[in-house]
Each structure stands twice: as C-alpha cells, then as structure tokens.
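Quick notes on the structure that follows.
The values are calculated or read from the model by the stated rules, or taken from the named source; none is laboratory data. All values derive from a computational prediction rather than experimental measurement. Reconstructed Cβ throughout: ideal geometry from the backbone, glycine too, with neighbour counts over all protein chains shown. Note: accessible area is taken over every heavy atom of the protein model, side chains too, but ligands, DNA and RNA are not part of it. Shrake-Rupley method; radii C 1.70, N 1.55, O 1.52, S 1.80 Å.
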Amino acid sequence: MKNILKSTIAILSVLVAFTSCNNLAKSGSKSGALASNVAEKVYVAPGEYDSHYAFISGGYSGNLTVYGLPSGRMFKEIPVFSQFATSGYGYSEETKPMLNTSHGFIPWGDSHHPDISQTNGEIDGRFIFINENNTPRIAKIDLKTFETTEIIEVPNSAGNHSSSFVTENTEYVVAGTRFSVPIPQRDMPIKDYKGNFKGALSFISVAPETGNMDIKFQILMPGFNYDLSHPGRGKSHGWFFFTTYNTEEASTLLEVNASQNDKDFIAAVNWKKIEEYVNNGGGTMMPAEYAHNVYDEHTHTATSTMKKEVRVVNPIDVPGAVYFLPTPKSPHGCDVDPSGEYIVGNGKLSANLTVHSFTKMLDAIENEKFDGEAYGIPILNFEDVLAGSVEQPGLGPLHTEFDGQGNAYTTFFISSEVVKWKLGTWEVIDRKPTYYSVGHLTIPGGNSRKPQGKYMFAMNKITKDRYLPTGPEMEHSAQLYDISGDKMELLLDFPTHGEPHYAAAMEASLIKERSQKIYNLEDNKHPYAAFSDDDTKVVREGNEVHIYMTTIRSHFSPDNIEGVKVGDKVYFHVTNLEQDFDVPHGFAVLGQNTSELLIMPGQTKTSVWEPTKVGVWPFYCTDFCSALHQEMQGYIRVSPASASTPMKWSLGEDIE
C-alpha cells in the first residue's frame with residue numbers, strides 16, 4: 001500500500017510540474033488577448049445592454065449568480081439553498097420553509113449545475129433548475145422574477161452531483177447520486193459496500209404550464225459513483241447518459257482503489273421505456289421522507305410538505321432500458337452533441353478523448369454485441385460503440401460543449417487549456433490557455449439542439465496572479481473567449497463568486513422583455529398584507545404581536561408603536577405600497593437576530609423580533625429609496641413583561 005501511495009504522489013507531482021511549466025510558457029506568449037485591442041469587443045456603453053445572460057453556479061455559496069456577456073458584469077445573486085441577508089431570503093417567515101429538509105432546517109447548500117428549460121430541444125428562458133450537492137435537492141428559479149419558487153429534496157440519494165439536467169421538452173429534470181448508499185438507509189458495516197450499496201437516478205417531472213415538480217420515479221442502479229449526465233437530443237431523444245466511476249465499488253482511498261479498472265461506464269438509460277413501464281403501474285412504492293417546498297407568488301409565502309414515499313424501479317425489471325458503454329477510466333463530463341449522435345465521455349485519466357456513437361449503440365444492442373453484464377445490466381463492446389477518438393488533445397479532459405457548427409470545445413484541467421476539435425474528423429483545430437486549472441466551460445445554448453455560438457467562457461478553479469491579491473484566497477476566475485472565427489480569442493477575465501462549477505447561458509432576448517418589474521398590489525393575497533395607511537394596525541394574540549405595516553417613500557405606517565413587552569414575539573408584516581419598478585424598501589429593527597428584509601414593490605414580507613430589553617428601539621429602511629431615506633424610521637417602545645402599557649400606534653401624531 002505504501003508503494004501505491006508513493007507512486008500516486010509521484011504521478012501527481014509530475015502532472016503539477018507539467019501544469020506549472022506549461023502555464024509559465026503560455027503566459028509569456030503574445031497570443032489571444034495580447035495580440036490585439038479587444039476592449040471594444042467586451043465594452044458595453046452606459047445605458048446599453050449585454051447581449052447574453054450567464055447564470056453561474058455559486059458552489060458552496062449555495063446560490064446562483066447572474067452575469068452579462070460580454071461585459072462580465074455581475075447583475076444579481078439569486079439566493080437558492082443558502083440564507084441571504086441581503087434580501088432576507090431564508091430569514092423572513094415567508095421564505096424559511098424553502099430551506100426545510102427531512103434533516104431539518106438546512107441554511108446552506110453546495111450548488112453545482114444550472115440548466116435552462118427547453119422546448120423542442122431549444123432553450124426557452126422560462127425556468128432555470130439547479131442542484132444542491134450536499135443535502136440532495138433540486139431547485140427551480142422562475143426567470144420572470146429571478147426568484148427561487150420551488151425546491152424538492154431527493155431521497156435515496158447522496159451527493160446530488162449528476163444534476164440538474166433537463167430533457168428536450170423539460171419533461172424531466174434528472175438527478176443522479178454521486179455517492180452510492182444503502183437503500184433504504186440502515187446501519188451496516190462500510191466494508192460491505194460492494195453489492196449492497198445502490199445508486200439512485202431520479203427523474204423529476206415538470207408540469208408543462210406551471211413548472212411544478214414531482215419525483216416520477218427513481219432507478220436503483222449498481223453501487224457506482226454517478227458523476228455527470230446529459231440527455232439525448234434529436235435522434236437520441238428519450239435516452240439519458242450518465243458517466244460512472246468507481247465501478248470497482250471501493251469504499252476507501254478511492255484515488256487508488258477506484259482507478260484499477262481499465263475502463264468505467266457510461267450508463268445509457270431509455271427513460272421513455274421506463275416511463276411507459278411506470279405509467280402502466282410498474283415499479284414499487286418505497287417509504288421515503290423528503291421535503292417539497294413551494295413558494296406562492298400570490299401569497300408571497302412558501303409552504304413545506306413532507307412526502308412519505310417514492311416509486312423505485314429495478315432496471316433488470318425493464319429489459320432493454322439500461323445499458324453500460326465502456327469508456328476510459330474515471331470519466332467526469334458526459335456531453336451530447338446537438339444532433340444527438342455523439343456522446344463524449346471525458347475520461348480524466350485517459351490520454352485520448354473518446355466519443356461514442358448513438359447509432360452504433362443501437363446497432364450493438366439490436367445485435368446483442370455484449371461484453372458481459374454488471375448486476376444484470378448488459379455491457380456493450382467498447383469497439384462496437386466507438387465513433388472515434390481525439391488523439392492526445394491535452395491532459396485531464398473534463399467537459400465538452402458545442403457551437404452548432406460541427407465543433408466541440410473541451411476543458412483540460414491539468415494542462416489548463418480549452419481545446420477546439422472537429423466532430424467526425426476528430427482533429428484538433430485550436431487550443432488556448434486558461435489561468436489556471438479549468439473546470440467547466442459554457443457556450444450559450446451549448447447543451448441544446450441549437451447553440452447560440454459567438455461566446456464561450458471557461459470557469460477556473462485557481463486564480464493565482466490574475467487579479468489584485470486578496471490574502472491567501474481569491475475569487476475564482478472566468479475567462480471569456482470569442483469563438484465566432486476559426487480561432488478562439490481570449491477577451492476578458494472576470495471574477496466569480498463562491499466556487500462555480502457549471503453555468504448556463506442564453507441570448508438576453510429570451511428573458512429581457514418578459515422580466516417582471518413589480519408585484520401588482522391587487523394580486524397580493526398575503527394574509528397579513530395592508531394596502532394603505534388606513535389598513536395598518538397592531539394586534540396582540542397572547543404573547544404574539546402582529547404589526548400590519550406599510551412602507552412607501554418615505555415613511556413607515558405606523559412609525560410609533562407602544563405596548564410591546566419583553567418576552568413578546570413581534571411579527572412585522574411589511575407591505576411595500578410602491579408600484580414603480582426597482583423601488584424596494586428595507587426593514588430592520590435594533591437587536592433583530594435574523595436579518596433585514598428587502599421588500600419588492602407590491603410584496604409583503606415578515607420579520608420576527610423578540611425583544612429582550614426594556615427601552616425605545618428604532619427601526620428604519622435599509623435600502624436607500626429617496627432623498628428622504630434617512631428620515632424613513634420609527635420607534636417601538638418595549639415595556640417590562642409585567643407592565644400594563646396599552647397597545648397603541650400612530651403615524652404623524654404623538655401617541656397619547
């Protein structure tokens with residue numbers, strides 16, 4: 001074992017040395033951005049708009065960030081799986097249920113892979129879905145409001161990495177488990193992993209009109225690690241492809257023990273066949289506890305429902321539904337070209353880049369060209385499904401996207417570069433360095449039938465010397481390339497927040513005109529909403545105090561409140577009466593131990609305050625809203641718990 005460890009360390013040392021030398025050599029070149037004045041290509045004049053939106057995952061921030069391309073300007077951080085004090089998401093009473101799980105209230109997440117809804121294989125800009133890796137969940141963000149409107153927990157899963165990826169008509173969002181686990185969970189020795197752990201592939205249905213999600217079925221696969229996936233498209237519509245590693249089913253020191261087999265697998269799943277099986281009553285209902293959290297945009301309130309069962313399918317009960325395609329060891333990305341013919345398996349430890357053929361796969365299945373089986377699932381012959389190989393394109397291939405012109409672009413983590421190559425001929429056309437240790441790359445629409453070309457951006461894990469130093473750690477880096485010509489041209493570096501993994505991007509025209517500007521007051525069905533100053537009131541219910549409050553430039557109503565006592569639980573229900581675009585109001589009170597609120601025009605939000613000290617405490621607007629923003633304040637008097645101070649409130653006059 002010591003010799004194995006020494007060999008592994010030696011190999012890694014050589015690769016690191018290669019990377020460092022490679023990048024030092026490249027940094028001295030005068031290619032790419034240094035070859036010409038590219039500033040005008042990324043310049044967006046004041047008052048002008050970017051041509052594209054980019055939605056970049058925040059990794060361990062748990063959120064999703066919105067950037068413009070080509071400027072690289074960050075427009076918004078959308079809170080999804082993590083509390084977000086800027087807006088009060090996960091702190092307000094209305095949004096706390098969004099972070100509920102079967103493990104309790106989980107106030108953070110690890111978001112990896114966003115994917116945009118599609119119609120007929122083309123991105124449509126309605127919704128964006130994103131996964132949470134640590135406590136397995138899938139979220140839906142409505143691109144009218146850029147708000148998280150639904151989160152569903154994924155049971156029988158662990159390490160929800162192989163998600164979220166949508167089928168061609170957004171029939172399903174698909175989530176595969178990175179870590180196989182006992183299903184159902186139970187106390188058992190870890191050494192008994194092999195043959196006893198399972199990997200769940202979850203197919204979450206999406207309602208065509210509303211986008212509402214529900215787990216339709218889970219396929220209980222052998223206990224491998226399921227890394228990334230993509231749907232078939234065009235001729236391969238109805239199939240889904242997942243890379244797997246650790247086909248050795250090792251449970252310790254995976255860097256060595258999960259790299260023993262010459263090849264791992266791509267799991268090809270005919271979801272149409274399994275869907276038909278399920279629709280006819282197939283599968284088994286299994287007890288499973290998982291949360292389904294939905295935000296109602298009329299009541300401005302989320303609810304959390306705990307589900308109790310899920311339908312599971314054993315793949316060997318559906319002959320012809322699942323096959324294994326051998327692919328070079330330790331694959332990461334699994335990418336399908338716009339035609340649906342080519343499936344790229346990015347084997348991290350392979351010298352070549354392997355491409356599989358869907359047509360050859362169907363022929364091999366029909367003619368039973370099998371090379372054994374794994375847990376009853378047929379393994380196809382490698383040569384019979386091979387479309388071709390890109391010979392020695394770089395070191396450490398990870399992810400591939402497509403430009404719709406017959407070209408593919410692959411990131412190489414170890415040699416820190418993006419390589420452009422030709423589908424069908426497998427020749428390398430161009431290569432450009434990234435700085436440093438690139439992970440994913442994104443082309444707008446690059447994982448759909450109709451890529452939107454022009455730009456590609458790479459997301460790098462290490463930033464080193466690209467920006468002003470900020471201590472031992474720096475924000476991660478994205479690099480924007482122009483891919484409209486034969487050669488890629490580096491245009492821009494821009495920092496990204498958290499640890500971005502994948503991103504999704506599209507032309508701005510798909511969203512811009514549909515973007516919601518305000519919440520109409522007449523549609524506000526919040527039970528504690530107040531629609532004018534005359535509706536404001538303060539109501540005591542035992543030791544709970546409910547304050548029906550309004551806010552408008554530049555006052556709160558009421559702005560003076562008395563009768564609250566130490567030990568009370570005070571609910572500030574604040575309605576923003578503005579009906580003008582981009583005029584939110586904030587709310588905070590001294591001693592508040594949650595966060596401030598940011599209330600959009602026409603919206604109602606609730607903050608809970610539990611006073612612990614006698615006194616007169618101010619509250620104020622936290623969002624600069626007008627010339628008289630500083631005057632937008634009020635006071636709340638807190639009396640001793642035994643006091644008989646009457647409940648009173650006022651606006652514009654003294655409390656008598």
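With respect to F624, determine if the residue is open to solvent by 10 Å² or more (accessible area, probe 1.4 Å), more than 29 Å from the chain's Cα centre (by Cα) and over 16 Å from Y548 (Cα atoms).
On the way: open to solvent by 10 Å² or more (accessible area, probe 1.4 Å): yes; more than 29 Å from the chain's Cα centre (by Cα): yes; over 16 Å from Y548 (Cα atoms): yes.
Taking the combined requirement at face value, the residue satisfies it.
Considering each residue of the range 349-383, count those that are outside any helix (DSSP H, G or I) and more than 19 Å from S339 (Cβ to Cβ), and give that number. Outline the logic, then answer.
First pass over the range 349-383, keeping only residues outside any helix (DSSP H, G or I): 349-357, 367-382.
Within this subset, residues satisfying the condition of being more than 19 Å from S339 (Cβ to Cβ) are 349-352, 367-382.
So the count comes out to 20.
Would you kindly identify the strands (runs of 3 or more DSSP E) lying entirely within the range 420-488 that contain at least 1 residues that are open to solvent by 40 Å² or more (accessible area, probe 1.4 Å)?
Details: elements: 428-433, 438-442, 455-460, 476-482.
Those strands (runs of 3 or more DSSP E) span 428-433.
How many residues does the range 192-221 contain that are open to solvent by less than 10 Å² (accessible area, probe 1.4 Å) and more than 22 Å from M285 (Cβ to Cβ)? It would help to see each step written out before you state the result.
Taking the range 192-221 and keeping what is open to solvent by less than 10 Å² (accessible area, probe 1.4 Å), we get 199-204, 211, 213, 217-219, 221.
From what is left, the residues that are more than 22 Å from M285 (Cβ to Cβ) are 211.
Summing the residues that are open to solvent by less than 10 Å² (accessible area, probe 1.4 Å) and more than 22 Å from M285 (Cβ to Cβ) in the range 192-221 gives 1.
Can you find even one residue in the range 270-280 that is touching a residue at least 40 places away in the same chain (Cβ under 8 Å) and open to solvent by 70 Å² or more (accessible area, probe 1.4 Å)?
First, pick out the residues of the range 270-280 that are touching a residue at least 40 places away in the same chain (Cβ under 8 Å): 270-271, 273-275, 277-278.
If we keep only those that are open to solvent by 70 Å² or more (accessible area, probe 1.4 Å) too, we end up with 273.
Within the range 270-280, one or more residues are touching a residue at least 40 places away in the same chain (Cβ under 8 Å) and open to solvent by 70 Å² or more (accessible area, probe 1.4 Å).
Please determine, by comparing only the residues of the range 356-367 that are of a type in the set (S, T, N, Q) and either touching a strand residue (DSSP E or B) at 6+ places or on another chain (Cβ under 7 Å) or farther than 14 Å from G234 by Cβ (or both), which one is surrounded by the most Cβ atoms within 10 Å (Cβ to Cβ). Give the derivation first.
The initial filter retains those residues of the range 356-367 that are of a type in the set (S, T, N, Q), namely 357, 359, 367.
From what's left, either touching a strand residue (DSSP E or B) at 6+ places or on another chain (Cβ under 7 Å) or farther than 14 Å from G234 by Cβ (or both): 357, 367.
Numbers: S357: 18, N367: 9.
That would be S357.
Taking the stated definitions as given, is K537 touching a residue at least 40 places away in the same chain (Cβ under 8 Å), among the basic types (K, R), surrounded by 13 or more Cβ atoms within 10 Å (Cβ to Cβ) and more than 26 Å from D142 (Cα to Cα)? Working first, answer last.
Numbers: touching a residue at least 40 places away in the same chain (Cβ under 8 Å): yes; among the basic types (K, R): yes; surrounded by 13 or more Cβ atoms within 10 Å (Cβ to Cβ): yes; more than 26 Å from D142 (Cα to Cα): yes.
So K537 fits the description; yes.
Within the range 243-253, which residues are open to solvent by less than 10 Å² (accessible area, probe 1.4 Å) and on the phi > 0 side of the Ramachandran plot?
At the first step, the residues of the range 243-253 found to be open to solvent by less than 10 Å² (accessible area, probe 1.4 Å) are 243-244, 246.
N246 - this is the single residue of the range 243-253 that is open to solvent by less than 10 Å² (accessible area, probe 1.4 Å) and on the phi > 0 side of the Ramachandran plot.
Only residues that are closer than 25 Å to Y226 by Cα, assigned to a strand (DSSP E or B) and of a type in the set (V, I, T): list them for the range 279-326, please.
Answer for the range 279-326, where residues must be closer than 25 Å to Y226 by Cα, assigned to a strand (DSSP E or B) and of a type in the set (V, I, T): T284, V310, V312, V313, V322.
Of all residues in the range 395-433, which are among the aromatic types (F, W, Y) and without any contact (Cβ under 8 Å) to a residue 60 or more places away in the chain? Lay out the reasoning, then the answer.
Pass one, the range 395-433, residues among the aromatic types (F, W, Y): 402, 409, 412-413, 421, 426.
Across the range 395-433, the qualifying residue is only F412.
I'd like to know if the range 332-353 contains one or more residues that are under 30 Å from I599 (Cα atoms), of a type outside the set (A, V, I, L, M) and under 27 Å from the mean Cα position of the chain (by Cα). Quick ask: steps written out before the conclusion?
The first filter runs over the range 332-353 and keeps only residues under 30 Å from I599 (Cα atoms), leaving none.
No - not one qualifying residue is present in the range 332-353.
Going by the structure shown, is A139 within 14 Å of the chain's Cα centre (by Cα), crowded, with 23+ Cβ neighbours inside 10 Å, among the hydrophobic types (A, V, I, L, M, F, W, C) and not in a helix (DSSP H, G or I)?
Numbers: within 14 Å of the chain's Cα centre (by Cα): yes; crowded, with 23+ Cβ neighbours inside 10 Å: yes; among the hydrophobic types (A, V, I, L, M, F, W, C): yes; not in a helix (DSSP H, G or I): yes.
Yes.
Specify which of the listed residues (A39, A85) is modelled with pLDDT of 95 or more, more than 18 Å from the chain's Cα centre (by Cα) and small (G, A, S). Before you say what the answer is, go through the steps one by one.
Numbers: A39 fails: modelled with pLDDT of 95 or more.
On inspection, the qualifying residue turns out to be A85.
This table checks each residue for (1) assigned to a strand (DSSP E or B); (2) out of contact with any strand residue (DSSP E or B) (no Cβ under 8 Å at 6 or more places or on another chain); (3) aromatic (F, W, Y); (4) without any contact (Cβ under 8 Å) to a residue 40 or more places away in the chain.
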residue	(1), (2), (3), (4)
A158	no, no, no, yes
F165	yes, no, yes, no
Q185	no, yes, no, yes
K198	yes, no, no, no
S205	yes, no, no, yes
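Is there a residue in the range 310-319 that is touching a helix residue (DSSP H, G or I) at 6+ places or on another chain (Cβ under 8 Å) and of a type in the set (V, I, T)?
Yes, the range 310-319 contains at least one residue that is touching a helix residue (DSSP H, G or I) at 6+ places or on another chain (Cβ under 8 Å) and of a type in the set (V, I, T).
Residues to consider are K517, K565, K525; find the one that is closer than 25 Å to E610 by Cβ, of a type outside the set (A, V, I, L, M) and either modelled with pLDDT under 95 or open to solvent by 10 Å² or more (accessible area, probe 1.4 Å) (or both). Let's see the steps before the verdict.
Details: K517 fails: closer than 25 Å to E610 by Cβ; K525 fails: closer than 25 Å to E610 by Cβ.
Only one candidate passes the filter, namely K565.
On the basis of being over 15 Å from G199 (Cβ atoms) and buried (at least 17 other Cβ atoms within 10 Å of the Cβ), does G232 make the cut?
Numbers: over 15 Å from G199 (Cβ atoms): yes; buried (at least 17 other Cβ atoms within 10 Å of the Cβ): yes.
Spelling it out, G232 is indeed over 15 Å from G199 (Cβ atoms) and buried (at least 17 other Cβ atoms within 10 Å of the Cβ).
Can you tell me which residue is nearest to K144 (Cα to Cα) among those in the range 84-105 that are in contact with a helix residue (DSSP H, G or I) (Cβ under 9 Å, 6 or more places away or on another chain) and buried (at least 21 other Cβ atoms within 10 Å of the Cβ)?
Initially, the range 84-105 is screened for residues in contact with a helix residue (DSSP H, G or I) (Cβ under 9 Å, 6 or more places away or on another chain), giving 89-90, 105.
Going one step further and asking which of them are buried (at least 21 other Cβ atoms within 10 Å of the Cβ), we end up with 89-90.
Working: Y89: 18, G90: 20 Å.
The qualifying residue nearest to K144 (Cα to Cα) is Y89.
Given the conditions (1) at pLDDT below 95; (2) open to solvent by less than 60 Å² (accessible area, probe 1.4 Å); (3) outside any helix (DSSP H, G or I), which single one is not true for V256?
V256 satisfies every listed condition except (3).
All but one of (1) touching a Lys or Arg at 6+ places or on another chain (Cβ under 6 Å); (2) touching a residue at least 40 places away in the same chain (Cβ under 8 Å); (3) aromatic (F, W, Y) hold for Y571; state the number of the condition that does not hold.
It fails just one condition, (1).
Please enumerate the residues belonging to the range 321-355 that are modelled with pLDDT of 95 or more and either under 30 Å from H526 (Cβ atoms) or open to solvent by 30 Å² or more (accessible area, probe 1.4 Å) (or both).
Listed by number, the residues that qualify are S339, Y342.
Has the range 454-469 got any residue that is modelled with pLDDT under 95, hydroxyl-bearing (S, T, Y) and either more than 20 Å from S484 (Cβ to Cβ) or under 22 Å from the mean Cα position of the chain (by Cα) (or both)?
yes
Any chance the range 284-304 includes a residue that's open to solvent by less than 60 Å² (accessible area, probe 1.4 Å), farther than 16 Å from W271 by Cβ and over 26 Å from the mean Cα position of the chain (by Cα)? Spell out how you get there, then give the answer.
Within the range 284-304, the subset open to solvent by less than 60 Å² (accessible area, probe 1.4 Å) is 286, 288, 290-295, 297, 299-302, 304.
Cutting the leftovers down to farther than 16 Å from W271 by Cβ gives us 286, 288, 290-295, 297, 299-302, 304.
Add one more test, that the residue is over 26 Å from the mean Cα position of the chain (by Cα), and what stays is 286.
The answer is yes, given that some residue of the range 284-304 is open to solvent by less than 60 Å² (accessible area, probe 1.4 Å), farther than 16 Å from W271 by Cβ and over 26 Å from the mean Cα position of the chain (by Cα).
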